[in-house]
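Report on the structure given below.
The values are calculated or read from the model by the stated rules, or taken from the named source; none is laboratory data. Please read these numbers as outputs of a predicted model, since none were measured by experiment. Please note: Cβ atoms are built from the backbone with ideal geometry, for glycine as well, and neighbour counts cover all protein chains shown.
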Amino acid sequence: MFPFLTVMVALPVAGAGLLWALPASARSRAREVALAVTAVELVLAAVLVVQFDTATAGAFQFSETHAWIPQIGASWALGVNGIGLLMILLAALLTPLVIIAGWRDDASSPDRRRHYLALVLLSQAFMMGIFAARDVFLFYVLFEAMLIPLYFLIGSFGGAQRRYAAVKFLLFSLAGGLIMLVGVVALYFQGPGGEQAFLTDNLTGLTLSTTTERLLFVSFFVAFAIKAPMVPVHTWLPTVAETARPGTTALLVAVLDKIGTFGMLTLAVTLFPNAARWAAPVIIVLAVISVIYGAILAIGQQNMLRLVSFTSVSHFGIMILGIFAFTQTSIEGAAFYMFNHGLSTGALFLVVGFLIARHGSADVSDYGGLQRVVPVFAGTFLIIGLSALALPGLSPFVSEIMVLVGAFEVAGVAVIIAAIVVVLAALYVLLTYQKVFTGPVREGREDTPELSLRERLVLWPLIALMLILGFGPGLAIDTIREPSQDIVAVVAEEAGQ
């Protein structure tokens, strides 16, 4: 079998190396090289989707297993089930769009541009590897190595506080990673050992003491909660969102942060189901706090990038609520929401970035009346904003309803509170639209350019996909139904149900 997944990890790495090796005379073509690499990556992802067997979506497909560090039983083991497939498709779709969105960035410095694009390609490689990893040690190594390109993307390309934001992001992530490392090492000594000691198939169903399992669960969960991001370990996100380039933040929040919820589903819950059930009540409370906190803080933001980041804190709370309700519908909804939130929030960061590129400001108070000047821009912004408040007909609505309905039977009070708070989304989205696009045209904004063809090619495919999945969600849900059933079955079996 052709090693699709290994190629999808290696190709962006090779692309980054090519960009760094370009001679001075060819560095002006860095954008074309990076876009070509991500286009091939998207084609490969499409092939995976076409060849994926939804009838066995819970099993790992396109699997590869090779000895890597036999002394400790680590393997280069890749494979995707339905949830991993959706995440890989999301990463493959958004990366070229981010490159197109930033096509004019660093126009005066081709050398700086190629460095940025090379780091974006490296980030894509780590995304592909993490969402396909079937070996816990491999997952951990990629999880930590991913911090390197992200640190430089944040710290070298962005606003005045970019270095502070990069260090804050790194410290939070390293703290979570070190805690997780303790769990990885302990898992090795508690596991079956052998040449494939870290293979997830061999670790599922381990017999552990209650205390050991709980400690291992906490070590993994903390790292994933930081990445998610979840209150109270979320504070790095607004700082990064305000400072980094919109394209960087779009990738970070729309795709890379899903590693947190993906890790909860595929590692923390499946490897330590009893501990997950033990911790679920506290986690659900924290998830609801995240929903409330993120929504309220979003309403009070003047900076649009910080506003979008706080909406994401709220949305991640809904995903985590769905995961730890442990029902079939809630977990399907959470997994589907991971994909839909990537489409919606990625588009929201990018459209805000296009607005900033025109006038150099992310503050709501610097705008007004733009719908009279740029009606297409205004309409596009509104549709994307409505997706953030889960308007019926757009795909985030389906996943949000699935989480709330599925979780109600086991966490009714939490769901009622979350559902009430979700209404606040209408406030922070519509108030922002009102201030930026309605009313009299603010002085100095009369010559604001309309959305260009390039910008429409970035945003409109995301809107189209949200509409398609909003009216035909089965296209995606069919791929996550069986993996969700397997997760529910593991938790129920360990609980003796």
Requested in this report: Say whether the condition of being in contact with an Asp or Glu (Cβ under 7 Å, 6 or more places away or on another chain) and either closer than 13 Å to S312 by Cα or not β-branched (V, I, T) (or both) is met by at least one residue in the range 250-267.
Outcome: no
Query raised in the report: Could you list, in sequence order, the residues of the range 124-142 that are buried (at least 24 other Cβ atoms within 10 Å of the Cβ) and part of a helix (DSSP H, G or I)?
Result: Q124, A125, F126, M127, M128, G129, I130, F131, A132, V136, F139, Y140
Query - Of all residues in the range 58-84 being among the hydrophobic types (A, V, I, L, M, F, W, C) and part of a loop (DSSP other than H, G, I, E, B), the one that is nearest to L5 (Cα to Cα) - result: F60
Requested in this report: Return the only residue of T438, T432 being touching a helix residue (DSSP H, G or I) at 6+ places or on another chain (Cβ under 9 Å), surrounded by fewer than 18 Cβ atoms within 10 Å (Cβ to Cβ) and in contact (Cβ under 8 Å) with a residue 12 or more places away in the chain.
Outcome: T438
Report summary line: Within the range 441-489, residues being at pLDDT 90 or above and either hydrophobic (A, V, I, L, M, F, W, C) or not in a helix (DSSP H, G or I) (or both) number 26
Report task. With the checklist (1) surrounded by 21 or more Cβ atoms within 10 Å (Cβ to Cβ); (2) closer than 25 Å to I88 by Cα in hand, flag the one item P238 doesn't pass. Result -> (2)
Report task. Return the total of residues in the range 297-314 being assigned to a helix (DSSP H, G or I) and either of a type outside the set (S, T, N, Q) or on the phi > 0 side of the Ramachandran plot (or both). Result -> 10
**Report entry** Flag if S361 is part of a helix (DSSP H, G or I), of a type outside the set (F, W, Y) and either under 24 Å from E242 (Cβ atoms) or in contact with a strand residue (DSSP E or B) (Cβ under 8 Å, 6 or more places away or on another chain) (or both)
**Finding:** no
Requested in this report: Go through S330, S344 for me and flag whichever is part of a helix (DSSP H, G or I) and either touching a His at 6+ places or on another chain (Cβ under 9 Å) or over 26 Å from V490 (Cα atoms) (or both).
Outcome: S344
Requested in this report: Output yes when any residue across the range 412-421 is under 29 Å from the mean Cα position of the chain (by Cα), buried (at least 19 other Cβ atoms within 10 Å of the Cβ) and over 16 Å from V285 (Cα atoms), and no when none is.
Outcome: no
Report task. Would you be able to say whether some residue in the range 57-64 is over 21 Å from the mean Cα position of the chain (by Cα) and either over 30 Å from Q196 (Cβ atoms) or exposed (fewer than 14 other Cβ atoms within 10 Å of the Cβ) (or both)? Result -> no
Requested in this report: Kindly indicate which of K258, K227 is under 15 Å from A334 (Cβ atoms), in contact (Cβ under 8 Å) with a residue 40 or more places away in the chain and of a type in the set (D, E, K, R).
Outcome: K258
Query raised in the report: Does the range 389-401 contain any residue that is farther than 30 Å from P473 by Cα and outside any helix (DSSP H, G or I)?
Result: no
